[in-house]
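Data first, discussion second: the structure below is written as structure tokens.
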């Protein structure tokens, strides 16, 4: 029975890159849920539950490529109904990519930080600017972001154009900018642990 990954659409490019780079793309089925659930985390657990029920009924091993992602434990409550199903560790994809210790250090250094990943940088207009209605009401920028001081790009790939786009996004928000290269191992290791423990060991050895 082919394993199945139910994944956040915001992780699509990075998850495909991980699976392709390690020769696993042809050995797993992946279903991506809409990335705009980032803006409505209360809908994540209800969206996943029927999909997990269907996989359990078919006897398919399943991994959830979401962290808690703002569900306040609702996602864990759903996953707990399905023995053997696990999710990405951590509170959100920023912690997944940066690593728990590094993210905690960033958080402690500046509480007023708005984080971007490669995906969120590419889709900043749709998910942040238009998603928060700032295209229609730019005066709300300081209401939404008045407590923020810094934008940190947690970059999965070295891409000068992406870094420039993230810097421009920070300027639009009126915030300082910082770039941190994270790579994808925070996603790679837990996914490989699910797919093949030997692959996980090899991935960890490359860190």
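Which residue is farthest from residue 13 (Cα to Cα), if the candidates are limited to region 143-172 and must be in a helix (DSSP H, G or I) and in contact with a strand residue (DSSP E or B) (Cβ under 8 Å, 6 or more places away or on another chain)?
Filtering region 143-172 for residues in a helix (DSSP H, G or I) gives 143-145, 160-172.
This time we only want the ones that are in contact with a strand residue (DSSP E or B) (Cβ under 8 Å, 6 or more places away or on another chain), so: 145, 162-163, 166-167, 169-171.
Values: 145: 28, 162: 14, 163: 17, 166: 17, 167: 21, 169: 21, 170: 23, 171: 26 Å.
The residue in question is 145.
Restricting to region 136-158, and then to whatever is touching a helix residue (DSSP H, G or I) at 6+ places or on another chain (Cβ under 7 Å), at pLDDT 95 or above and more than 22 Å from residue 41 (Cα to Cα), can you tell me which residue is surrounded by the most Cβ atoms within 10 Å (Cβ to Cβ)?
Here the answer is 156.
All but one of (1) in the same structural domain as residue 30 (by TED's automatic domain parsing); (2) surrounded by fewer than 20 Cβ atoms within 10 Å (Cβ to Cβ); (3) under 20 Å from residue 41 (Cβ atoms); (4) modelled with pLDDT of 95 or more hold for residue 89, so report the exception by its number.
Residue 89 satisfies every listed condition except (4).
Report whether or not residue 168 is within 20 Å of residue 119 (Cβ to Cβ), modelled with pLDDT of 95 or more, surrounded by fewer than 18 Cβ atoms within 10 Å (Cβ to Cβ) and out of contact with any helix residue (DSSP H, G or I) (no Cβ under 9 Å at 6 or more places or on another chain).
Working: within 20 Å of residue 119 (Cβ to Cβ): yes; modelled with pLDDT of 95 or more: yes; surrounded by fewer than 18 Cβ atoms within 10 Å (Cβ to Cβ): yes; out of contact with any helix residue (DSSP H, G or I) (no Cβ under 9 Å at 6 or more places or on another chain): no.
No, not satisfied.
Listed residues 75, 88; which is closer than 22 Å to residue 157 by Cα and within 16 Å of the chain's Cα centre (by Cα)? Reasoning before the result, please.
Numbers: 75 fails: closer than 22 Å to residue 157 by Cα.
Checking each option against the conditions leaves just 88.
Condition test on residue 178, is it more than 23 Å from residue 7 (Cβ to Cβ), out of contact with any helix residue (DSSP H, G or I) (no Cβ under 8 Å at 6 or more places or on another chain) and part of a strand (DSSP E or B)? I'd like the intermediate steps shown before the answer.
Values: more than 23 Å from residue 7 (Cβ to Cβ): yes; out of contact with any helix residue (DSSP H, G or I) (no Cβ under 8 Å at 6 or more places or on another chain): yes; part of a strand (DSSP E or B): yes.
Against the criterion (more than 23 Å from residue 7 (Cβ to Cβ), out of contact with any helix residue (DSSP H, G or I) (no Cβ under 8 Å at 6 or more places or on another chain) and part of a strand (DSSP E or B)), residue 178 qualifies.
Please identify the pairs in which a residue from region 90-110 that is at positive phi has its Cβ atom under 8 Å from the Cβ atom of a residue that is surrounded by fewer than 18 Cβ atoms within 10 Å (Cβ to Cβ) and in a helix (DSSP H, G or I), counting only partners at least 6 apart or on another chain.
90/100
Which of the residues that make up region 1-33 are touching a residue at least 24 places away in the same chain (Cβ under 8 Å) and part of a loop (DSSP other than H, G, I, E, B)?
Correct list: 1, 2, 3, 22, 24, 28.
One line per residue, one yes/no per condition, for (1) within 15 Å of residue 195 (Cα to Cα); (2) in contact with a helix residue (DSSP H, G or I) (Cβ under 6 Å, 6 or more places away or on another chain); (3) surrounded by fewer than 14 Cβ atoms within 10 Å (Cβ to Cβ); (4) modelled with pLDDT of 95 or more:
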site: 7; (1), (2), (3), (4): yes, yes, no, yes
site: 12; (1), (2), (3), (4): no, no, no, no
site: 21; (1), (2), (3), (4): yes, no, yes, no
site: 29; (1), (2), (3), (4): yes, no, yes, no
site: 35; (1), (2), (3), (4): no, yes, no, no
site: 40; (1), (2), (3), (4): no, no, yes, no
site: 46; (1), (2), (3), (4): no, no, yes, yes
site: 73; (1), (2), (3), (4): no, no, yes, yes
site: 84; (1), (2), (3), (4): yes, no, yes, no
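Do we have any residue at all in region 49-64 that's closer than 30 Å to residue 164 by Cα, surrounded by 15 or more Cβ atoms within 10 Å (Cβ to Cβ) and under 13 Å from the mean Cα position of the chain (by Cα)?
So in region 49-64, the residues closer than 30 Å to residue 164 by Cα come out as none.
No, every residue in region 49-64 fails to be closer than 30 Å to residue 164 by Cα, surrounded by 15 or more Cβ atoms within 10 Å (Cβ to Cβ) and under 13 Å from the mean Cα position of the chain (by Cα).
Determine whether region 130-141 contains at least one residue that is closer than 26 Å to residue 89 by Cα and over 16 Å from the mean Cα position of the chain (by Cα). Break it down stepwise before answering.
Initially, region 130-141 is screened for residues closer than 26 Å to residue 89 by Cα, giving none.
Among the residues of region 130-141, not one is closer than 26 Å to residue 89 by Cα and over 16 Å from the mean Cα position of the chain (by Cα), which makes the answer no.
The values are calculated or read from the model by the stated rules, or taken from the named source; none is laboratory data. This one's a predicted model, so the numbers in the text were calculated from it and none came from an experiment. Because the Cβ atoms are built from the backbone with ideal geometry, glycine has one as well, and the counts that use them run over all protein chains shown.
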